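Just so you know, all these numbers are worked out from the coordinates, no wet-lab data involved. What you see is a predicted model, and the numbers here were worked out from it, not measured in a lab. Neighbour counts are summed over all protein chains in view; Cβ atoms, including those assigned to glycine, are modelled from backbone coordinates with ideal geometry.
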Amino acid sequence: MDTQSLHSDIARTRPARTERAHRAVVWWLRVVAAFVIATLVVGGGTRLTDSGLSITEWEPIVGVIPPLSEAAWQDALALYRQIPEYQLVNRGMSLDEFKAIFYWEWAHRLVARSIGLVFALPLAFFWLRGMLPGWLKPWALGLLALGGLQGAVGWWMVTSGLTERVDVSHYRLAVHLTLACIILSLAVWLSARAAGRRATAAAPGAVTALGKVLPFLVLGQIFLGALVAGMDAGLASDEWPTMAGALIPEGLGNLSPWWMNMLENPLTVQFDHRILGYVVFLAVVAFALAAWRAGAVRGASVALAALVTLQVAIGVAVVVMRVPLHLALTHQFVAAVILWVTVDTSTRLTRRKA
């Protein structure tokens, strides 16, 4: 083989290797995002089954292994018996009943810890092999730091229920869930950028602006949903479209000062969650219609409208059936998928030049 042919083969090989590296990085970030969604769903089950306080110690390493002997289980139950939730709510709980709530919390922590490995190990590999684009490196380190912070926030949440409460603070729960969704959003945004999808869909300015607002509306709705879950506010009314017999029920402003109702009044918290849900639905439908007319992100906008319509239906079923576990977890899962789609779609949008 002559020198010219050798250089030609090398030139063809390098782009192919670069493309494979980019695909690997993109799928790594997508897998991380999928693991975050799994953590959200298992965490939702942990909250709805009142399992979050069953493990009263934070042991990031040895806590990976659940109790393996009868004595170890009795020790774990003895620790649980020391907190108010057991003494005031679950006094007399059997070991088998304790195991049921323990495994929910253990599974939540296990999946959350696994995200660290799923993120950190490939990050080190890609970095050492020179497969990470330069722009991605600071973002990856930032995402790693947010993951560590999320672990600390999770324990901060648990500690709120170990001494003076029979459950965790709904404020801390909302912070914990919202931070997880921010991590999910960043992973999706970075994967879209790494895939070369940033600013690839030109649309009129109004369509682009609305598309970029949607992730923030969804994130706000998820925050309100966390308050609902943390306060068991889903049980405040089991009617739809009315609440407590009216479209605007009495009792929304029972607390003083008035703004405390939005944070502490279960009826008001559920009402606010419903209203913002309607706002999100209308915004998504408006976006889908405008995007279709503009010929931009048509597939994504229609899929998003279908997902949000499904989510509204699931939300109604959750309320009228008084929060069955399987529907509530489906509601949380679909919310996370909607956030993924809105972030990916907004990343693709760019203002069309006149």
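Membrane-span-like helices in the chain, defined purely by DSSP H runs whose alpha carbon atoms cover 24 Å or more axially and whose average Kyte-Doolittle hydropathy reaches 1.6, are 205-231, 298-320. By the rule of a C-alpha distance below 30 Å, with chain neighbours fewer than 8 residues away ignored, the lysines paired with LYS212 are LYS137, LYS353.
A DSSP coil position with no more than 16 other Cβ atoms inside 10 Å describes the following GluC sites (Glu not before Pro) in the stretch 92-199: GLU164. Compactness of the chain, taken as the C-alpha radius of gyration over 2.2 N^0.38 Å, stands at 1.15. The magnitude of the dipole of the chain, with charges of +1 and -1 set on the Cβ of Lys/Arg and Asp/Glu and taken from the Cα centre, is near 2160 debye. Secondary-structure-derived ellipticity at 222 nm for the chain, considering helices only, amounts to -24500 deg cm²/dmol, per-run term -39500 (n - 2.57) for DSSP H runs with n ≥ 4. The order of ILE37, ILE115, ILE248, going from fewest to most other C-beta atoms within 10 Å of their C-beta, is ILE248, ILE37, ILE115. The protection proxy used here, the mean number of other Cβ atoms lying within 10 Å of each residue, ranks peptides 226-239, 308-321 as follows, highest first: 226-239, 308-321.
Taking amide H atoms as placed 1.01 Å from N in the peptide plane, the amide H of SER169 lies under 5 Å from those of SER160, GLY161, each 5 or more residues away in sequence or on another chain. The protection proxy used here, the mean number of other Cβ atoms lying within 10 Å of each residue, ranks peptides 66-72, 269-275 as follows, highest first: 269-275, 66-72.
Between TRP127 and MET321, the contour length at 0.36 nm per residue exceeds the alpha carbon distance by 64.9 nm. Entry note, the stretch 28-177: relative contact order of 35 percent, from Cα contacts under 8 Å with a spacing of 6+ residues. Each label was represented as a point 7 Å from its Cα along the Cα-to-Cβ direction; for VAL337 and SER69 these points are 4.5 nm apart.
For the stretch 245-257, the Karplus equation 6.51 cos²θ - 1.76 cosθ + 1.60, evaluated at θ = phi - 60°, returns couplings of x, 8, 5, 10, x, 6, x, 5, x, 5, 8, 10, x Hz by residue, with Gly and Pro reported as x. A DSSP coil position with no more than 10 other Cβ atoms inside 10 Å describes the following trypsin sites (Lys or Arg not before Pro) in the stretch 35-103: ARG91. Model label sites at ILE275 and VAL302, defined 7 Å from Cα along the beta-carbon direction, differ in position by 3.5 nm. Short-range pairs are left out: with C-alpha atoms under 8 Å and at least six residues apart, the relative contact order of the chain is 23 percent.
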